[in-house]
1. Put +1 on the Cβ of every Lys and Arg and -1 on every Asp and Glu Cβ in the stretch 1-69; which of LEU52, ILE15, ILE42 then has its Cα farthest towards the positive end of the dipole?
2. Using the 10 angstrom Cβ neighbour count as an exposure proxy, how do ARG45, ARG118 rank, fewest first?
3. Which residue, PRO112, ILE128, ALA86, has the largest displacement toward the positive end of the dipole of the stretch 71-173 when charges sit on each Cβ (Lys, Arg +1; Asp, Glu -1)?
4. Explain nothing, just the number: dipole magnitude of the stretch 1-69 about its Cα centre with +1 on each Lys and Arg Cβ and -1 on each Asp and Glu Cβ, in debye rounded to the nearest 20.
5. Are there any GluC sites (Glu not before Pro) in the stretch 19-103 that are in a DSSP loop and have at most 15 other Cβ atoms within 10 Å? List them by number.
6. To the nearest 20 debye, what is the magnitude of the charge dipole of the chain about its Cα centre, counting +1 on the Cβ of each Lys and Arg and -1 on the Cβ of each Asp and Glu?
7. Give me the lysines in straight-line cross-link reach of LYS150: C-alpha distance below 18 Å, same-chain residues under 8 apart excluded.
8. Give the distance, in whole Å, between the Cα centre of the stretch 1-34 and the Cα centre of the stretch 42-95.
Amino acid sequence: MKQLLDFIPLILFFIVYKLSGIREAAIALIIATLLQTLFMAIKYRKVEKQQLIISAAVVIFGSMTAYFNQVEYLQWKVTIVYALFALILLISQFIFKAPLMRKLLGKEIQLPDQVWNRLNFGWACFFILCMLINIYISRYLSEAAWVDFKSFGTIGLTLAATLITGIYIYRYLAKDTTNDKD
């Protein structure tokens, strides 16, 4: 359920954009993101740092988009957030020698150090790729094309990256050798 909540502000943004335009869509995105963050805080008694970063960026850049009625501010937000996520992953791996992916997922799955490093680096590259695609689309394609990409393209890219991650780590997961005959 938690993962589905992440898509609600984005879907509302897309719908309101198609019905009313960028100013109204930015306002809807801000309100939905704040409500989502509040809901998470109440329901789970915790808001993850990633959610706080995204929420703050949505409020700042969404407010600027709504005030100036220009999509460029939200386009910058996307670029900055992807760059920040990539930077955090790279710093955790190469400066602190502790891949963030292990910290995030290490309680649920056990993987060799080399695999954690590859996953961490792979996701950093993924965020850099998304950042570059966002820059290209926001600069060379229409506003409507960027909204479509932001609403659905990034979801597709993220699902593809998650699937590739699952396929990659599958061979390293401990196999259950018990044979239940119940």
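Values in this text are rule-based calculations from the coordinates and carry no lab data. Predicted model, so just to flag it, every value in this text is computed and none were measured. Using ideal geometry, Cβ is built from the backbone for each residue, glycine included, and neighbour counts are taken over all protein chains shown.
1. ILE42
2. Fewest-to-most Cβ neighbours within 10 Å comes out as ARG45, ARG118.
3. Farthest towards the positive end: PRO112.
4. In debye, rounded to 20, the stretch 1-69 gives about 220.
5. The qualifying sites are GLU48.
6. 400 debye
7. List returned: LYS18, LYS77.
8. If you average the Cα positions of each part, the centres end up 15 Å apart.
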